[in-house]
Amino acid sequence: MATDRLYVAFLWHMHQPCYLWPESGRAALPFVRLHASSSYYDMPWLLRHFQDTRVSFNLVPSLIEQLRGYADGKITDRALELSLRDPDDLGLDDRRYLLTHMCGGHPSGAMAVSPRYSELWHRRGVDRNPEAIDRACRAFAGSDYRDLQVLFNLAWCGFALERESEVVRELRDKDSGFTEDEKLALLDEMHSALAGVVELYAGVGDQGLAELTCSPYYHPIMPLLCEMKDAERCIAADQLPERLWREPEEARAQLRRGLEHHRETFGARPRGVWPPEGSVSDAALRVMVEEGVEWAASDEQVLAASLGDVGRAAPEDLYRPWLAADGRITLLFRDHRLSDLIGFVYRDWDPEDAAEDFVGRLHKIARGYDGPEPPVVSVILDGENPWGWYPGQGEGFLRGVYRRIEADKVLQTTTIAEYLAAHPAGRSLPSVFPGSWIDHSFRTWIGGPEHRRAWELLTGALEAVRRQGDAGEGLERARRHLMVAEGSDWFWWYSENQHTLDADIFDALFRSHVAEVYKCLGETPPEAVEEPIYAERISRLTRDALGRMEAVIDGRITSYFEWQPAALLRTAGLASAMQRSHYIVHEIYFGFDPETLWLRLDTEIPALEVLRGCRLEIAFVGEVEHAIAISVEQGAGGPEINGDLCADAECAIDRIIEARVPLSRLDTAPGEALRLAVVVGREGRVVERWPELGFLQVHVPTEDAMASTWLV
């Protein structure tokens, strides 16, 4: 029982939302420009070095539109404008922005490779509240700001640009004391790379190294536009908006415009699409078929649900194509675990070990496969987000994987279209379960209170467009802003399970495009559009504190009821741009008595084992920063506990981590709030941080609240 040929279909999804403020050339956030100097450039650049490797790149049209706008000088952003400015010309608000948004916040690799950047980040401090930033402003000199301007941008330069650009290499070696001329030379190099990104993808497509595909133009969740009632398969009806969308023509407009934009950009319509967030449904697939799409892809959990399975789909079902929509479109389903390993796990490994493990898993699939056709393993994930967390920004891992597969007698990479041409689907799904790559549901984009408000505003804008009919001044512009507001990203950040320090910006962008729909039609936007939807959450607690806390601090769960009074937070609810299956720290408990914070951290396997070779730090921020740091050396030695709180706190690590800290040492009293972060590091690199950006904020109950809450 084995196959002598296993095909591997990598699909790298390249996407950013439309960051432009309405009727403006200003981007609210700079990530299109910054990723263009790293992952967007790196991925096709590296592929050209492997003539026997084939992959698929899915390029979202709204991303390409913004890349071209930057290249033509029609789009700018504040980080770019401040980077160009002489430090002596920076005003107080400019310096505040620089220290708040351009000092740290990168994936961990940036701090590891630049001692100067790490120094500046530590001098600023981990807190970003206005008082802390103003203190840092007074402490930073002009040369500090210039170094920060350079190092912020330099950290976004990927491995391809470092290999091609002498400027990038020299500035990385220099690390500090930069001149204005050096700074401007770096920004010129980054702009040149950005200007060549689209052509680089066209080139690997023309060479036959990559299949180029796209998504609907502004990346909407097509099933929610087509038939929102489908969301009820996983979400209670009373959690959905009052007015359920049934607007397949909205989905069609997004898809048709995306396909046409792709044809104009690359000379041919794509044969397949990655539906935004891997979201499919029977209604959405019908629209794809009617627009000439030949194949689409989703997640293995959607396949399992479509087959009526409660677990994972069998290998003979997962690693083959399926016909859907009465046999008119072919579907493939990604291997969730392999995709997650690349997205979230291998970044903490030695690159060669990670590549060897990945290829070994492919061989295990090949040895156990017993299907009639050579299997295809679909590995689909974001093509830009993971690599900043990898050593060398992923170059070593990617080279290791591509090189091993090219030399392998069983494994072979393929584009999806190539595989389907040789091995067309032979089995059909009568119906496809409506869902996405996250838990085969749409819960991330609908079902929460903020989601409902957002969909209500969007519904009002749609109805305003409908009132206009098919003619009218500004109608086309109104439709474009409506399509922007239909994008998935706004709803992603309204989800209780996602976290970003820029959530208020995403909220403002969404509402500004909704308001612009009315303005283009000559109408006054409703007052509700002016009210923020996003509300900063004190914490994302799974449960609140239930009463006065007391525990034995021994690193073990002494009894089932010991931590019952504590508030509970699950770290999976703090994940940002992508989700993964496994974390080191997966639960954090906060308990209180009038004088004490009781803290417990649960890990996936015993804490003393999983933290070998790691350092775990619990950092508290306020007027003064405090910390507990736990280091566990490799071998059989016990943990070392230090940090300025160590003399006053009691801490133990065994199966779990437990600590008790006097509130007086944290400058906090009942009725006030604690702000903290949990950071796990290894060999100078951040492995996990909760939350990924910013700080958890947890209210300390008052004494009356503790006394009035009872457990039964």
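Computed from the coordinates by the stated procedures, all read-outs in this text should not be read as laboratory data. All of these numbers come straight from a predicted model, not from anything done at the bench. Heads up, the Cβs are rebuilt from the backbone with ideal geometry, glycines too, and the neighbour counts pull from every protein chain shown.
Tally Lys/Arg at +1 and Asp/Glu at -1 over every other residue whose Cβ is under 10 Å from the Cβ of residue 321; what's the total?
Value of the local net charge: +1.
In percent, how large is the relative contact order of segment 128-186, given Cα pairs closer than 8 Å and 6 or more residues apart?
This gives 38 percent for segment 128-186.
If amide H atoms are built 1.01 Å from N in the plane of the peptide, which residues on other chains or at least 5 residues away come under 5 Å of the amide H of residue 587?
Sorted by chain and number, the residues that satisfy this are 571, 602.
Order these peptides, 611-619, 427-435, 467-475, by their mean beta-carbon neighbour count within 10 angstrom, highest first.
611-619, 427-435, 467-475
Explain nothing, just compute: Karplus ³J(HN,Hα) = 6.51 cos²θ - 1.76 cosθ + 1.60, θ = phi - 60°, for every residue of segment 608-617 in order, whole Hz, x for Gly and Pro.
5, 7, 5, 9, 4, x, 10, 10, 10, 10
Does segment 26-206 come out rounded, prolate or oblate, given a ≥ b ≥ c as the square roots of the eigenvalues of its C-alpha gyration tensor, rounded meaning a/c under 1.5 and, failing that, prolate meaning a/b above b/c?
Note, shape of segment 26-206 comes out prolate.
Would you list 695, 442 from fewest to most Cβ contacts within 10 Å?
695, 442
Let me make sure I get this right: for the chain, a, b and c are the square roots of the gyration tensor eigenvalues over alpha carbons, sorted descending. Under 1.5 in a/c it's rounded, otherwise prolate if a/b > b/c, else oblate. Which is it?
Because its axes are fairly even, with a/c under 1.5, the chain counts as rounded.
Along the positive direction of the dipole of the chain (beta-carbon charges: Lys, Arg +1; Asp, Glu -1; about the Cα centre), which of 596, 82, 430 reaches farthest?
The one lying farthest along the dipole's positive direction is 430.
Separation between the residue 141 and residue 431 pseudo-spin-labels, each 7 Å from Cα along Cα→Cβ, expressed in nm?
7.2
Return the Rg/Rh ratio of segment 261-403 with Cα-based radii and a Kirkwood Rh.
Ratio value, two decimals: 1.00.
Work out the FRET efficiency for residue 352 and residue 238 from their Cβ-Cβ distance, taking R0 = 45 Å, and round it to the nearest 0.05.
In this case the efficiency is close to 0.30.
What is the Cα centroid distance between segment 272-289 and segment 35-56, reported in whole angstrom?
Using only Cα atoms, the two centres lie 26 Å from each other.
Can you tell me how segment 374-498 classifies by the Cα gyration tensor, rounded, prolate or oblate, using a/c under 1.5 as the rounded cut?
prolate
Sort 438, 235, 605 by Cβ crowding within 10 Å, fewest neighbours at the top.
605, 235, 438
Along the Cα-to-C-beta direction of residue 164, a point sits 7 Å from the Cα; which residues of segment 179-212 have their amide N less than 14 Å from that point?
188-204
So how strong a dipole does the chain carry about its Cα centre when Lys and Arg Cβ are +1 and Asp and Glu Cβ are -1, to the nearest 20 debye?
For the chain, the charge dipole is close to 1320 debye.
What percent do you get for the relative contact order of the chain when only Cα pairs under 8 Å and 6+ apart count?
Worked out over the chain, it gives 14 percent.
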